[in-house]
Structures are given as C-alpha cells and as structure tokens.
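Contents: one structure, followed by commentary.
The values are calculated or read from the model by the stated rules, or taken from the named source; none is laboratory data. In this text the structure is predicted, and so the values were computed from the model without any measurement. Cβ placement follows ideal geometry from the backbone for every residue including glycine, while neighbour counts extend to all protein chains displayed.
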Ligand SMILES: Cc1cc2nc3c(=O)[nH]c(=O)nc-3n(C[C@H](O)[C@H](O)[C@H](O)COP(=O)(O)OP(=O)(O)OC[C@H]3O[C@@H](n4cnc5c(N)ncnc54)[C@H](O)[C@@H]3O)c2cc1C
C-alpha cells in the first residue's frame, strides 16, 4: 500500500503561551509532532507492517520541521517530505496548506492518506477534508478504528461520543481521533536508522505552484490572550461551612442556580 | 453591503439543536439587513422549518431524501451544493459540530474559498465583522477577517446567543429535490451512547467527574446533582479510560467542548486537554483533594476536599435554597 501521513509541527501542549506584537512568542518553546498526527503516523506504520508498502510523511513548514519528520522516520515511516515555504510565503491559512499538499499528492497514487483530525495550535481541523476534496477522493474524519481488506475499508468514526461503523473503499483519506492507537516512542535503533532514511526537501517552485495561487483567503488581524482570570476563591473553614458558602456564592454572587 | 446568508440547521433525534438558532443570530449580525435563509437536510425535516423561522430565519429551504437519513459528507455535500447554486448566498454559516466540522472544509474546498472555523464571538457587523476563535487549546484567541467575496464560518455551540423565539413570525418553507447519488461511504451502524435528556454540549450546567470519582457508582452523586440543577453529567478522559463512564461524556480537546453557565469539576486534575473543552465556561467550581491541582487555576470557586463528602452536602444545601 502506498500510504501518506500529514504531519504538523506544533507547540508542545504544556507550553505557556505568550503574545508580543500581535504574534505568539515562540523562541525557546518546545515543539512536538501534533498529537493527533502521531496517531496518524502510528496507524500508517501498523498498516504498512500488516499489508506491505511504504509510509511517507509530509509536512509544510520551514527547516525546523525536519526534526519532527526525523521523529516520524524514527517511529518507522520510510520516507519524509518537507515542503519548505519559508522563502515564499509569509502568511498561510488552511486553504493555502491544503492546496500545497494536494498539489504534491496529485500524481502520487496514494491508496491511503492519514492526518490528525485537528492540530492543537490552529484548531480548525480543515486540512484533511480539504485535501481529500481537492484530490477527488473520499474521506472519513475522527476515526477510532480502521481495518483494510484489499481495497475496502471498515471504519469506526467518533461522532461526539456516538460511534458510527462505516464501510468505504480506497483511495481514502482519514483523520485520526484519540483512541485510534497508542503511538510508539522511537526506539534507539529507530533513531539511528532514521538518520539514513530519505528526507526530500521541496519548494513551491518544484511543485509548479505560484505564490498567488495559494494566497490565503482569510487573515488573522490580531492574536490575544483571554483576560487573565482573577485568582479563584478557594474556600476555607469547616467543610460544611465551605459548602454553605459555595452554594450561597453560586446563588447570590454568580447567580447560576 | 447587505448579504444573503445561508444557515445550515442541524437536527438530532428529530429536534433542532440550539446551535441552529445561534447560527441564525450570527447570520443577522453579518447580513447587514440581508435575507437569512435556513437550510435543513435529512430524511424528514420539513416539520422543523417553522422553528428556524421563529428564531429569525426569513425563509427555509429543505432537502429531503431517504439517503440523507444519516449524515455522509457526499450526501449532505450534494444537498448543500444544489441549494447553494440555487440561492447563491454571500455568506454561509454552519455549526462547529461533529458533522459541521466534517462537511464545512469539503464545501469550502469545493467553492475554493476560506473558512473560519469554531467562531466563539463576532465583533462588528456586516462587512467589517471580525471573527474571534480560540487557538492553542483555548490558551489564546485570534481575530480573523475574511478576504473573499464569500464569507464562510462555523460557530462553536453555546457561545453566540440565539434571538428570542417569536411564535408569531412566519416565512416561506420550500423544498428542493436533489438526486443523491454515488455515496462513497455506507453507514452500517450507529451506536448512540449519548444519554437522553440534556445535550451535554448545550447544557447550562455541567457536573463533570474525573478519575477521582473512582468507579461507575461514584458517578451517582454527580448525576443527582446534575439532575437537581437541570444539567448534564460530563467526564474527563481519565474517567472514561478507567471505564467509570462512557466516552460520550468526555469533555476536552478529544471530546466535547462545553460552555455552560456553571461547570462543576469533581476529582479532575485539570490537564490542558481537558481545559480546552471547558475553560470558557462562565463559572467554574473545582472540588479536589489536592490543593495543588491545576483545575484550581481556572476555577472561580474551589473546595479542597473529598468529593464524596462535598457533593452530597451540596445537594442538600441546594435543595434548601431551591425550596426557599
Ligand atoms: C492527545 C490527547 C488528547 C487528550 N484529550 C483529552 C480530553 O479531551 N479530555 C480530557 O479530559 N483529557 C484528555 N487527555 C488526557 C489528559 O491529558 C489527562 O490525562 C486527563 O484529563 C486526566 O483525567 P483526570 O483529571 O480525571 O485524572 P487525574 O489527572 O488522575 O486526576 C484525578 C484527580 O482527582 C483528584 N481526586 C482523587 N480522589 C478524589 C476525591 N475523593 N475527591 C476529590 N478529588 C479527588 C486527584 O487529586 C486528582 O487531581 C488527552 C491526552 C492526550 C495526549
């Protein structure tokens, strides 16, 4: 099977977020593979091990993202592709990203494309379905189980906690939900091997993409932090009095009862 | 310039979800006085049209087909596109629900347009509107501007207030027949795990339990408290993974995002993935044995103590207040 996984480099979940000059401050922050993309990579590797074929991980970003691609290779992916947009694009939105990815994938004859259902930074969850639509293939989002038999796929999709059992066929794009699998940690031999695996770097020119074709359709005009919450009130005293006080506060101060 | 706005309503178990009405209110904000057209898609949705109008839609278009009984991106995509072509709206609004999240990027891609997802507030009106949405799991927000002729966004449930229902409002409901063909996915089975009663994502009060609840039985006092307050029970991933409750109760980045007036977190440590689903709640109460627990950082009121003591006492106390 010819399998692709879409990967995004994101802020570590635990990082504190600071804003300066209307932008998120990212110097010194830890970066990781978007957690939902890790499920996608893990599933890709397991499917390859079961059915044969090859796993290619793709990301769009700058040179820094090589690190996350190497991690994916160390987990067990076979090849990596970095589409480096650093010199060409200042701004991107989901339209931009999906268009570039689809342009890269259009002649690759992918049987299966996996992505995370959402990235924990931007949080819009658009890229997967957009890419599928651009490629003219079917997609299923937020999946928690995937079985492939020949060209047919049996999928469990999480729908706000309900689960749907779905039958469909390849070629297909799916987006991973937590629960799909337990992503492995790269092993030491895996990390060694990853250094020698192919990592191709491309620019928009290599894909015959003109900057104007991928100009974002939306613009972020401001980034801000939510108003700092006043330190909450941790009640004190005898437990029974605390509960009385709490109910009184909910009733009279917060007016939510 | 006034805009004609097309709003996709969403039904669940034969009733419209509130997010449909919230989307109509959002439509009024961006329409600049233009027409607000509701769209309902399903196997039997005509009877719901009237309520869309009572909540402010000027008219409603329905698409009914047996193949639209279950949501599929192909089926709903075909229905939507047929109505889109006919209506040629200048703005489109979806709910940022499981199905809205699934369908909206496909439609945006088909139309070659932008999409502002998961909007929690709109600043300004008409053409100048800016759309506020959470990023970094709710640790920050961004304001986004649309740069295209077509405006397309989805709204997070329970954040934009619906208009007052007006039973006297009337408007036209028309049905469009669309040939739904070539569905590439077949829904074999749907296991509904969501409990009846109050819809968790739309509940005004949520009582949520974590690993600290310790067992399925441990959820009983939480259920009692939720019932008393007319709310719903929710949970952390920790509680779901430990099998104390079903995954349909999960709140957070992977689960449901809730914005109730009152969120009571009992035996939940407050991991960032959990907070992503509840930190916008209006009032947060934390009950935890550990005074250092992270959840106290977002709580308005906190009690350091054993939830099995605190919750029953709260129930008694609230009963007293309610009878007075
Ligand atoms: C990609 C990813 C996505 C995730 N998505 C989600 C998500 O959507 N939602 C989510 O919730 N988590 C999510 N998680 C998991 C999250 O990181 C935490 O592991 C989880 O939220 C912990 O659940 P908890 O607070 O119930 O358990 P714990 O962290 O174990 O906390 C239990 C708390 O209960 C307290 N306690 C124990 N006994 C009592 C008692 N008798 N009375 C009062 N307090 C008591 C303890 O002091 C402790 O603070 C995700 C993780 C990942 C990696």
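Take the conditions within 14 Å of the ligand (Cβ to nearest atom), assigned to a helix (DSSP H, G or I) and either crowded, with 16+ Cβ neighbours inside 10 Å or more than 14 Å from chain A (Cβ to nearest Cβ) (or both) and apply them to residue B:234. Does it pass? Spelling it out, it is not the case that residue B:234 is within 14 Å of the ligand (Cβ to nearest atom), assigned to a helix (DSSP H, G or I) and either crowded, with 16+ Cβ neighbours inside 10 Å or more than 14 Å from chain A (Cβ to nearest Cβ) (or both).
Here segment A:234-253 is the region considered, the condition is being facing another protein chain (nearest Cβ under 7 Å) and surrounded by fewer than 16 Cβ atoms within 10 Å (Cβ to Cβ), and the residue that is farthest from residue B:316 (Cα to Cα) is A:234. Among the residues of segment A:1-33, none is identified as touching a residue at least 40 places away in the same chain (Cβ under 8 Å), more than 11 Å from every other protein chain (Cβ to nearest Cβ) and within 13 Å of the ligand (Cβ to nearest atom).
For segment B:143-158, a tally of residues being assigned to a loop (DSSP other than H, G, I, E, B), over 24 Å from residue A:19 (Cα atoms) and under 20 Å from the mean Cα position of the chain (by Cα) returns 2. Residues considered: A:45, A:41. Of these, the only one that is within 16 Å of the ligand (Cβ to nearest atom) and assigned to a helix (DSSP H, G or I) is A:41.
For segment B:216-230, give me each residue that is under 20 Å from residue B:270 (Cβ atoms) and more than 16 Å from the ligand (Cβ to nearest atom). Once the filter is applied, which keeps residues that are under 20 Å from residue B:270 (Cβ atoms) and more than 16 Å from the ligand (Cβ to nearest atom), segment B:216-230 yields only B:226. Farther than 17 Å from residue A:190 by Cα, away from the ligand (no atom under 16 Å from the Cβ) and away from chain B (no Cβ under 14 Å), is that true of residue A:65? Against the criterion (farther than 17 Å from residue A:190 by Cα, away from the ligand (no atom under 16 Å from the Cβ) and away from chain B (no Cβ under 14 Å)), residue A:65 qualifies. Looking for whichever is surrounded by fewer than 16 Cβ atoms within 10 Å (Cβ to Cβ) and not assigned by TED's automatic domain parsing to the domain that holds residue B:37 here; the options are B:191, B:205. Which one fits? Only one candidate passes the filter, namely B:191.
Scan segment B:281-296 for residues that are within 12 Å of the ligand (Cβ to nearest atom) and out of contact with any strand residue (DSSP E or B) (no Cβ under 6 Å at 6 or more places or on another chain) and the total you get is 6. Can you say whether residue B:205 is under 17 Å from the mean Cα position of the chain (by Cα) and more than 12 Å from the ligand (Cβ to nearest atom), as far as the supplied structure shows? Here the answer is yes, as residue B:205 does meet what is asked. On the stretch given as segment B:268-278, residues that are buried (at least 22 other Cβ atoms within 10 Å of the Cβ) and within 9 Å of chain A (Cβ to nearest Cβ) total 1.
Residue check: residue B:60 meets all listed conditions (1) modelled with pLDDT under 95; (2) touching a strand residue (DSSP E or B) at 6+ places or on another chain (Cβ under 9 Å); (3) away from chain A (no Cβ under 12 Å) but one, namely (1). When the criteria are applied in full, residue A:8 meets the requirement of being under 20 Å from residue B:134 (Cβ atoms) and under 12 Å from the mean Cα position of the chain (by Cα).
Based on what the data block shows, is residue B:248 under 30 Å from residue B:125 (Cβ atoms), at the interface with chain A (Cβ under 9 Å from one of its Cβ atoms) and under 17 Å from the mean Cα position of the chain (by Cα)? Against the criterion (under 30 Å from residue B:125 (Cβ atoms), at the interface with chain A (Cβ under 9 Å from one of its Cβ atoms) and under 17 Å from the mean Cα position of the chain (by Cα)), residue B:248 does not qualify.
Does at least one position in segment B:299-311 carry a residue that is surrounded by fewer than 21 Cβ atoms within 10 Å (Cβ to Cβ) and away from the ligand (no atom under 11 Å from the Cβ)?
Here is the first cut: in segment B:299-311, the ones surrounded by fewer than 21 Cβ atoms within 10 Å (Cβ to Cβ) are B:304-306, B:308-309.
Retained after the next criterion (residues that are away from the ligand (no atom under 11 Å from the Cβ)): none.
Looking through segment B:299-311, none of the residues is surrounded by fewer than 21 Cβ atoms within 10 Å (Cβ to Cβ) and away from the ligand (no atom under 11 Å from the Cβ).
For segment B:241-263, the criterion of a residue being at pLDDT 95 or above, more than 12 Å from the ligand (Cβ to nearest atom) and surrounded by fewer than 16 Cβ atoms within 10 Å (Cβ to Cβ) is satisfied by at least one position.
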